[in-house]
Amino acid sequence: MLSEKMTKALNEQINKEMYSAYLYLSMSAHCTNAGLDGFANWFMVQYQEENSHAMKIYNYLNEQGTQVVLEAIAKPPSEFGTPLEMFEATLKHEQFVTKSIYGLVDLANQEKDYATQIFLHWFVTEQVEEEGNDNEIIAKLKMVGNSGNGLFMVDRDLGSRVYTPPALEE
Ligand code: FEO
């Protein structure tokens, strides 16, 4: 059973995950428009991942017999600058999400809500992976600098990313 406070916080996290999905969908559209199809693919996969994060929390609230309350999703930006600036913005956003997850863990600990503590483990691990991916791509983009050939190769690399749905029951 979830407290009212925890229910509200998890509902807010659904909104943050949905906003993340929206943000990455907008980035994907921006990349498609710029002819960077591999980057567009990477952000489209990220969009799908974020949707699955929101659904994981949605399913958890349902399982706990609690009402999901959906709020409006904020409008994301549509201009993002260079690919490097876009990935720096992505990392910054993921750091914000990590802080938010840590806030949920703190609350679950304070409330001795053991079920939610265990549920949130997956998200803590996922955030390490997400920030790691962003850092890796930022390093590559810094390495290629203004080289068109380099950017072409990074684009080709990001084009190979495939969405793998996480098991919702995990
Ligand atoms: Fe759902 Fe990218 O954190």
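So which helices of the chain fit the span-like rule, where a helix is a whole DSSP H run, its Cα atoms reach 24 Å or more along the axis, and its mean Kyte-Doolittle is at least 1.6? Counting only whole DSSP H runs, no helix qualifies. Which one, His93, Val45, Leu104, is farthest towards the positive end of the dipole of the chain when Lys and Arg carry +1 and Asp and Glu -1 on their Cβ? Ranked along the dipole, the leading option is His93.
In the neighborhood of Ala72, defined by Cβ-to-Cβ distances under 14 Å, what is the net charge if each Lys or Arg adds +1 and each Asp or Glu adds -1? Net local charge, Ala72 excluded: 0.
Need one number: the % of Cα-Cα pairs in segment 47-170 sitting beyond the 22 Å mark.
On the way: 3623 of 7626 pairs.
Cα-Cα pairs of segment 47-170 separated by over 22 Å account for 48 percent.
Ordered from largest to smallest accessible area (heavy atoms of protein chains, 1.4 Å probe), the residues Ser160, Ser26 come out as Ser160, Ser26. Which one, Asn149, Ala54, Ala139, is farthest towards the positive end of the dipole of the chain when Lys and Arg carry +1 and Asp and Glu -1 on their Cβ? Farthest towards the positive end: Asn149. Could you tell me which residue out of Asn15, Pro77, Ala34 lies farthest along the dipole of segment 1-117 toward its positive end? Charges go on the beta carbon: Lys and Arg +1, Asp and Glu -1, centred on the Cα centre. Toward the positive end, the furthest listed residue is Asn15.
Treating only the Cβ atoms of Lys and Arg (+1) and Asp and Glu (-1) as charged, compute the dipole magnitude of segment 118-170 about its Cα centre; round to the nearest 20 debye. Kindly include the intermediate steps, with their values, before the conclusion.
On the way: 4 positive and 10 negative charges, 83 e Å.
In debye, rounded to 20, segment 118-170 gives about 400.
Length available on full extension from Thr164 to Lys8: 0.36 nm per residue minus the Cα-Cα distance, which gives 53.3 nm. The relative contact order of segment 1-138 comes to 28 percent, based on Cα pairs under 8 Å that sit 6 or more residues apart.
Assuming charge only on the beta carbon of Lys and Arg (+1) and of Asp and Glu (-1), the dipole of the chain about its Cα centre is about 240 debye to the nearest 20.
Rg/Rh for segment 108-170 stands at 1.21; both radii use Cα atoms, and Rh follows the Kirkwood definition.
Whenever you get a sec, compute what percent of the accessible area on segment 4-158 sits on carbon and sulfur atoms (1.4 Å probe).
On the way: 4550 of 8180 Å².
Using a 1.4 Å probe with all protein chains present, segment 4-158 comes out at 56 percent carbon and sulfur.
Expressed in nm to one decimal, what extension gain is obtained for the pair Ser78 and Lys92 from 0.36 nm per residue of sequence separation less their Cα-Cα distance?
Working: separation 14, 0.36 × 14 = 5.04 nm, distance 1.67 nm.
This chain segment gains 3.4 nm when fully extended.
The values are calculated or read from the model by the stated rules, or taken from the named source; none is laboratory data. These figures come from a predicted structure and were not determined experimentally. No Cβ is skipped: glycine too gets one built from the backbone with ideal geometry, and neighbour counts run over all protein chains shown. Note: accessible area is taken over every heavy atom of the protein model, side chains too, but ligands, DNA and RNA are not part of it. Shrake-Rupley method; radii C 1.70, N 1.55, O 1.52, S 1.80 Å.
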